[in-house]
Amino acid sequence: MSATPSPSLAQSVHFWARNAANESALLRASLRLGLFDALPVEGTTTACSLDALATATKSSPRGLRALLELLVCLGYATLDDTRRFALARHAATFLRDDAFLARLRAELPWWGPLSLLDEAVKRGEPVEHEGQRWDVLGHSRALFLEDTRAEATPGGAEDFFDRFARSGARTQVLITAGRLGLLELLASAPRTMPELGAATYLSTTGLSVVVEVLEALGLVTREGEAFGLSTEAKRLFDGKALAYLVRSLSVSAQYTEALGRLDETVREERFILDLKDPEVSRRFYADNSNQITAVFASHFQLSRKAATTLAKAHPLEGAAVLDIGTGSGVWGAAFARATPTTHVTYFDQGVVLEQVKTNLARLQVADRARFWPGDLFTHDFGEAAFDVIILPQVLNVLRPESLPGLFSRVARALKPDGVLLIAEYVLNERRDGPLDHLYFGLRRFMTNEGDLLSASEYGQLLQAVGLSSSVCIPLPTQEMILAARPGVALPSRLAD
Ligand SMILES: C[S@@+](CC[C@H](N)C(=O)[O-])C[C@H]1O[C@@H](n2cnc3c(N)ncnc32)[C@H](O)[C@@H]1O
């Protein structure tokens, strides 16, 4: 059997910044809810349906499904053809072991205190959390610099512990290093610990823990007394990449508290970060649109590929395009650039559209733009008004019960030969992958937003509003669904 190649530093950093905290939160919530106990061990008795597990764990089926599909994808649970779940046999060897479970339970209370790592670093001493003092620096040191237990083999107990306890802590260390300006400082020149302390006005007791953990993660190396970015990290953070990482860590930080209380959300559908609250949503998406503006160039390549693909089957000259939930404007702008006569209407919350105007001016397509602020849950998009309607990464914002209503308003707004373009993270037909999509879906559930669907689940909803012809075409990082009324030509593959 060949060993799984270890991930590159780039893959690891991407994971730590985006999904590592989700991984710990998933496993912690599953333990807290008693899900590992409720799942029968694979092959020993009949596997359990989602509803039976929801009853046993007193959870919402929708929330529990988001956990279970991820556990299946990670190999800790199994899913059979009748959609019944069981605990994978190898996972049962440690998840039914009392001493191992006690070790996991001892880690449970640390999530909140670890989220105060910035404060612990600033003070260089334990921090207050819920009326108790927590030695966050000591705990981080113990997790990353002192625990020398057996090597973590994939799928084994130590690997599980690592995902359970350290994954989320890695995200937190990066968030803290980003917030304290430490990453930029280390990137600018190697410095000794006293020099780092002087440059940040922080205690070297706290700083040394973060810097040494970054060293253990392979991001920092030391030469003599000086710490600087490792060669691989320097390559990785070249150009604007470091600024982008720091910005995406600030988005990840917004999820920390809600991830720590994921079990409450799964049990009661009580949303700690509720993006259906207009004030929370405005704040969250203003930050998000700054971030997606930062990756405009790479998303623009994707959206231009999609526009070119659609243009092959459906000429865009003089077309009226509507981009719903436009964010940075990156999808609508690609259609505006497809021909000099395409007109695009950009629809989003007013606060987000301000950012779009700047981006469109830069691309010189502002003269063929219309800005339409509104609420996509209730907005009437008109009748037979658009040749193309784009729903780019926006359906996942809607709770499942809102989808039929939106699809029916969108279908009405499409001209008879119009095409609907959905860009989304589309799940496989078993709904147990891809892993990145499932983590994204978990965050959507957690924030009172939508569910991710498979291509056939989308197909059924679209059929119900008369868009019965549809294709799903993979793009590099997500999928594109094109839908239209019968007889309208649709491309079947991505244009070269
Ligand atoms: C995940 S972002 C997608 C942004 C962009 N389409 C892209 O692909 O980069 C979802 C967008 O939906 C918008 N949105 C969320 N709730 C909305 C609402 N109730 N009404 C209008 N827009 C909303 C957000 O402001 C955000 O820009």
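The values are calculated or read from the model by the stated rules, or taken from the named source; none is laboratory data. Please read all numbers here as calculations on a predicted model, not as lab measurements. Note: ideal-geometry Cβ built from the backbone for every residue, glycine included; neighbour counts use all protein chains shown. These area figures cover heavy atoms from the full protein model, side chains too; ligands, DNA and RNA do not enter into them. Shrake-Rupley method; radii C 1.70, N 1.55, O 1.52, S 1.80 Å.
Some values worked out for this structure:
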quantity: Helices (runs of 4 or more DSSP H) contained in segment 10-59 and holding at least 1 residues at negative phi and without any contact (Cβ under 8 Å) to a residue 12 or more places away in the chain; calculated: 35-38, 50-57
quantity: A336 vs. criteria touching a residue at least 60 places away in the same chain (Cβ under 8 Å), over 24 Å from P278 (Cα atoms) and more than 9 Å from the ligand (Cβ to nearest atom); calculated: no
quantity: Cβ-Cβ under 7 Å pairs, at least 6 apart or on other chains, segment 196-222 side among the basic types (K, R), far side in a strand (DSSP E or B) and open to solvent by 50 Å² or more (accessible area, probe 1.4 Å); calculated: none
quantity: Scope segment 339-358; condition of a type outside the set (D, E) and within 12 Å of the ligand (Cβ to nearest atom); matching residues; calculated: Y346, F347, Q349, G350, V351, V352, L353, Q355, V356
quantity: Total residues in segment 61-82, condition open to solvent by 50 Å² or more (accessible area, probe 1.4 Å) and either over 14 Å from A29 (Cβ atoms) or modelled with pLDDT under 95 (or both); calculated: 4
quantity: Residue under evaluation V365, criteria (1) under 16 Å from the mean Cα position of the chain (by Cα); (2) open to solvent by less than 10 Å² (accessible area, probe 1.4 Å), criterion not met; calculated: (1)
quantity: Contacts under 8 angstrom Cβ, first residue in segment 446-458 being β-branched (V, I, T), partner in a loop (DSSP other than H, G, I, E, B), 6 or more apart; calculated: T447/Y255; T447/F271; T447/L273; T447/D274; T447/L275
quantity: Filter pass, F164 being among the hydrophobic types (A, V, I, L, M, F, W, C) and open to solvent by less than 30 Å² (accessible area, probe 1.4 Å); calculated: yes
quantity: Some residue of segment 252-275 being outside any loop (DSSP other than H, G, I, E, B), open to solvent by less than 30 Å² (accessible area, probe 1.4 Å) and within 16 Å of the ligand (Cβ to nearest atom); calculated: yes
quantity: Close pairs from segment 263-284: first of a type in the set (D, E, K, R), partner within 13 Å of the ligand (Cβ to nearest atom), Cβ under 6 Å, at least 6 apart; calculated: D274/V280; D274/N448; K276/N448; R282/V351
quantity: Scope segment 449-492; condition open to solvent by less than 10 Å² (accessible area, probe 1.4 Å) and of a type in the set (D, E); matching residues; calculated: E449
quantity: Segment 358-379 residues that are basic (K, R), paired with ones that are more than 10 Å from the ligand (Cβ to nearest atom) (beta carbon under 6 Å, 6 or more apart); calculated: R368/A336; R368/H343; R370/T345
quantity: In segment 142-167, residue modelled with the highest pLDDT [restricted to those that are more than 19 Å from R105 (Cα to Cα) and part of a helix (DSSP H, G or I)]; calculated: L145
quantity: Filter result for the condition that a residue is within 28 Å of V488 (Cβ to Cβ), open to solvent by 40 Å² or more (accessible area, probe 1.4 Å) and either near the ligand (Cβ under 10 Å from one of its atoms) or within 26 Å of the chain's Cα centre (by Cα) (or both), over P373, P434, P404, P392; calculated: P404
quantity: Some residue of segment 308-325 being within 16 Å of the chain's Cα centre (by Cα), more than 16 Å from the ligand (Cβ to nearest atom) and either assigned to a helix (DSSP H, G or I) or at pLDDT 90 or above (or both); calculated: no
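Okay, residues lined up against (1) closer than 27 Å to A177 by Cα; (2) touching a His at 6+ places or on another chain (Cβ under 6 Å); (3) β-branched (V, I, T):
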| residue | (1), (2), (3) |
| --- | --- |
| A20 | yes, no, no |
| L39 | no, no, no |
| R62 | no, no, no |
| A86 | no, no, no |
| T93 | no, no, yes |
| A99 | no, no, no |
| A102 | no, no, no |
